[in-house]
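As C-alpha cells, the structure follows; a few thoughts come after it.
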Amino acid sequence: MAAFPSSPIPAANPRVVPPPVGALLSRLPAYPGSMLVVTALNLALARHLPDDVGRLLLHKKMRVQVRDARLAFDFAWTGQRFAPHAPLVAPAVADVTLSATAHDFLLLAQRQQDPDTLFFSRRLSMEGDTELGLVVKNALDAIELPVLDPRQWAHTLAPRQVLGRLRRRLDPAPRHGG
C-alpha cells in the first residue's frame, strides 16, 4: 500500500487565475475582449488624454496581457478614441505591451498599488517602445481617474437584476394576471 505524503497540499493562490481557467480563457476569441477593454478605456480615459500624448499614441499598436488568465487585448489610438484591432500574430509585434496578472491590474485600477512598485518588483512588465510606455504611464498618473470599485456594480450585475432586464428585453409586452 502506497503512503501518502504527510505534508498538506499547497492551497491555490487566490490572487492568481487558476491554470485550468487560464487555459479555457486562452481559447476564447480575442476581439470581443479587446472591444470590452477599449470601451472601458474610452469611457475612463479618452476625454482626459492630453493632446501631446494622443499624438504620440496615434496609430500605435498597444497590447495588454493578463498573464495568469492567458488573455491579450490589442488596440490602438485613432486620434479620437481607442479602437480594438485584430490580434497580433508573428512576426508583428505591438509597439508597447504591458503584462501583469489579473489581480495586479485590478490593484492598479483600484489605485491600491502604483505601477512603479509593481514594475520594480517584476509583477508588471513593459516590452517594446519603453519611451512610449513611460509617456503613457506618466500621463495616466497625472489624470485624476475614478477608482475602480467592483462593489459599485454589485447591484446592477446581481443575477436576479440581470435576468429581470433580459426578460424585459426579450418579452416587452406586460403580463396580466398571475
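Data overview
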read-out	value
Near pairs, Cβ below 8 angstrom, 6+ apart or cross-chain, from segment 29-57 (without any contact (Cβ under 8 Å) to a residue 40 or more places away in the chain and on the phi > 0 side of the Ramachandran plot) to any residue that is of a type in the set (A, V, I, L, M) and in a helix (DSSP H, G or I)	none
Among residues of segment 126-144, those that are small (Gly, Ala, Ser), surrounded by 12 or more Cβ atoms within 10 Å (Cβ to Cβ) and within 25 Å of residue 43 (Cα to Cα), counted	2
Unmet requirement for residue 105, which otherwise passes all of (1) farther than 21 Å from residue 68 by Cβ; (2) modelled with pLDDT of 80 or more; (3) among the hydrophobic types (A, V, I, L, M, F, W, C)	(1)
Segment 51-99 - residue that is acidic (Asp, Glu) and out of contact with any Pro (no Cβ under 9 Å at 6 or more places or on another chain) and, of those, surrounded by the fewest Cβ atoms within 10 Å (Cβ to Cβ)	51
Residues within segment 1-44 that are within 17 Å of residue 80 (Cβ to Cβ) and modelled with pLDDT under 85, tallied	1
Selection within segment 119-137 - free of Cβ contacts under 8 Å to residues at least 40 places away in the same chain, assigned to a helix (DSSP H, G or I) and farther than 23 Å from residue 15 by Cβ	130, 131, 133, 134
Exclusive hit being under 22 Å from residue 74 (Cα atoms), modelled with pLDDT under 90 and among the hydrophobic types (A, V, I, L, M, F, W, C), set 136, 147, 162	136
Some residue of segment 110-118 being in a strand (DSSP E or B) and in contact with a Pro (Cβ under 9 Å, 6 or more places away or on another chain)	no
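The values are calculated or read from the model by the stated rules, or taken from the named source; none is laboratory data. Since this is a predicted model, take the numbers as computed values, not measurements. FYI the Cβ positions are ideal-geometry reconstructions off the backbone, even for glycines, and counts take in every protein chain you see.
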